[in-house]
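**Q** First the structure, which I've put down as structure tokens, then a few questions once you've had a look.
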Amino acid sequence: MKAAGRGSIDGLPEVALPSNGVTTPDTEPPSQLPTSLRWLAVGTFALGTEAFVIAGVLPEIADDLQVSQSAVGFLVAMFALTYGLSAPIVNSAVARREPKMVLRTAMGLFVLANFTAAAAPTFATLLAARMIAGVFAAAFAPTASATASELAHKSQRGRALAVVFGGMSMAMVAGVPLGTVLSDIGSWRTTFVFVAMLGAVAGVGIHVFVPAVHRSTPVARRRPMSVLRTAGVRRCLAVAVLVRAADFAVFTYLAAIVTDIYGNPRVTVPVVLLVNGSVGWFGTTMSGKRTDREGAQRARSIAIAGSAVGLALLVAASNSNGLVAQVVAVPALVVWSFSAWGFGPPQQSRLLDLAPEAPVTALAINASATQIGIGLGGLVGAVTVAASTSASIPMVGVVLAVAALALSRRASPAGALLNTSPHTNNRKGPR
């Protein structure tokens, strides 16, 4: 086993790892990322499937449990709300625990929650199971991202975060469609068994293939909100709220928007969702590489600007007719999907730069900011539809994205935004 050195990754003590190809910041980076990151991605794939799959089985749940479809919608809202509220608290509580143990435990309890959901005799039981799953998803995801950043060489941190974050976009491409098909073959309960099995596979893979990450010095437990006093963190989180509000104001009503443009929702909506997920996965991957090459701040700004451009094209498509609208909508959806999903890796990397002494807590609060943005986006979209039509929503998204870009580019203390590239910022120890 390789002894931990005295250097640090953005203020984090180096980790003592088994000899599995993982290197410390003082060594040359390997040509490939650690293969163990794939198992963290399987975990986020399970989490993403859990978060998104309700949309595909909503009518079946409503019919079987004899509740309204609007009531079933609370399964989505309460999962997101529980995730967002519990993330800082849970991750602060486990900050000094060994990350691999946290990952295994969180995923194991997530699996049990989904088996409980599959067997739920009443809607109240199903809702409670979803909320419990949200708590343990909130424990898993930030720890997975922080672990990925430590397992990879510093110059590959963006790509490592992209691998883990990419599990979410792949859930849109494969997890949700598979869950929906299984519901058609069996029932909605089969879908929750499927999610539980995904989680079980991830848990076993993490147990076997992900090395233990040991810090050379203990991490001090901090109150979750204390991270907000760190210079630049609040602005970084505000950017996340605005970006996700822009994205989800549009995504929530995407089916209505594309139906107005193309018609035939049975065909166009599944195709658009597939494009969103697959292009999004590619955008996540490329954004991770850009983060490593050009720095988190620049990569994040490019992703936000790309979202604004894509949404502006969607405004043009929504206000056009016939073939013109259908042609313009294609690059609009591609550019927006690529950029919106590409925001995640540089945003996480930026927070790790700003709060290296509390990486898991910082990423947990980022998860809360993301959920606030999602909720705000849904609310803004609903108000816009009530006052106008769904065709007006992309313009609201443009305004929010431009505001996020302006906030992102404002001056930050001590040149923090000037150069965050891992190739040029190799100072040792806390900043």
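The values are calculated or read from the model by the stated rules, or taken from the named source; none is laboratory data. Small disclaimer: the values here were computed from a predicted structure and weren't measured. Here the Cβ is made from the backbone with ideal geometry for all residues, glycine too, and neighbour counts use every protein chain on show.
**Q** Looking at the structure I just gave you, is residue 157 of a type outside the set (Phe, Trp, Tyr), in the same structural domain as residue 352 (by TED's automatic domain parsing), modelled with pLDDT of 85 or more and part of a helix (DSSP H, G or I)?
**A** No; evaluated as a whole, the condition is false for this residue.
**Q** If you check 152, 128, which single one turns out to be buried (at least 22 other Cβ atoms within 10 Å of the Cβ) and among the aliphatic types (A, V, I, L, M)?
**A** 152
**Q** Still on this structure: May I ask you to list the residues in segment 276-294 that are β-branched (Val, Ile, Thr) and either surrounded by 24 or more Cβ atoms within 10 Å (Cβ to Cβ) or at pLDDT below 90 (or both)?
**A** 284, 291
**Q** Here is a further query. When the residues of segment 248-305 are filtered to those that are touching a residue at least 60 places away in the same chain (Cβ under 8 Å) and not in a helix (DSSP H, G or I), which remaining residue is nearest to residue 321 (Cα to Cα)?
**A** Checking each candidate, the answer is 253.
**Q** Here is a check on your reading of the model: is residue 147 at pLDDT below 95, buried (at least 24 other Cβ atoms within 10 Å of the Cβ) and not small (Gly, Ala, Ser)?
**A** Yes; evaluated as a whole, the condition is true for this residue.
Listed here are the residues, each with its yes/no results for (1) in a helix (DSSP H, G or I); (2) within 14 Å of the chain's Cα centre (by Cα); (3) among the hydrophobic types (A, V, I, L, M, F, W, C).
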residue	(1), (2), (3)
328	yes, no, yes
337	yes, yes, no
340	yes, yes, yes
346	yes, yes, no
356	no, no, no
363	yes, yes, yes
369	yes, yes, yes
374	yes, yes, yes
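**Q** Follow-up question, since we're still on this one. Looking at residue 256, is it modelled with pLDDT under 95 and crowded, with 24+ Cβ neighbours inside 10 Å?
**A** no
**Q** I need the full set of residues from segment 355-369 which are under 18 Å from residue 158 (Cβ atoms) and in contact with a Lys or Arg (Cβ under 9 Å, 6 or more places away or on another chain), in order please.
**A** 356
**Q** Return the residue satisfying two criteria in turn: it lies in segment 227-250 and is within 12 Å of residue 307 (Cβ to Cβ) and among the small types (Gly, Ala, Ser), and of such residues it is surrounded by the fewest Cβ atoms within 10 Å (Cβ to Cβ).
**A** Of everything passing the filter in segment 227-250, 245 is surrounded by the fewest Cβ atoms within 10 Å (Cβ to Cβ).
**Q** Hey, among 174, 200, which residue is surrounded by fewer than 20 Cβ atoms within 10 Å (Cβ to Cβ), modelled with pLDDT of 95 or more, assigned to a helix (DSSP H, G or I) and not aromatic (Phe, Trp, Tyr)?
**A** Answer to the selection: 200.
**Q** A further question follows. Is at least one residue of segment 404-414 in contact with a helix residue (DSSP H, G or I) (Cβ under 8 Å, 6 or more places away or on another chain), of a type outside the set (D, E, K, R) and modelled with pLDDT under 85?
**A** So far as segment 404-414 goes, yes, one or more of its residues are in contact with a helix residue (DSSP H, G or I) (Cβ under 8 Å, 6 or more places away or on another chain), of a type outside the set (D, E, K, R) and modelled with pLDDT under 85.
**Q** Between 127, 103, which is over 26 Å from residue 345 (Cα atoms) and in a helix (DSSP H, G or I)?
**A** Going through 127, 103 in turn, just one is over 26 Å from residue 345 (Cα atoms) and in a helix (DSSP H, G or I): 127.
Conditions (1) among the aliphatic types (A, V, I, L, M); (2) assigned by TED's automatic domain parsing to the domain that holds residue 402; (3) more than 17 Å from the chain's Cα centre (by Cα), marked per residue:
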{"site": "242", "(1), (2), (3)": "yes, yes, no"}
{"site": "256", "(1), (2), (3)": "yes, yes, yes"}
{"site": "283", "(1), (2), (3)": "no, yes, no"}
{"site": "294", "(1), (2), (3)": "no, yes, yes"}
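**Q** Can you say whether residue 315 is surrounded by fewer than 24 Cβ atoms within 10 Å (Cβ to Cβ), at pLDDT below 90 and closer than 27 Å to residue 269 by Cα, as far as the supplied structure shows?
**A** The answer is no for residue 315.
**Q** What pairs can you find where one residue is in segment 61-78 and part of a helix (DSSP H, G or I), the other is of a type in the set (Lys, Arg) and surrounded by 14 or more Cβ atoms within 10 Å (Cβ to Cβ), and their Cβ atoms are less than 8 Å apart, with a gap of 6+ or different chains?
**A** Partner pairs satisfying both residue conditions: 75/130; 78/130.
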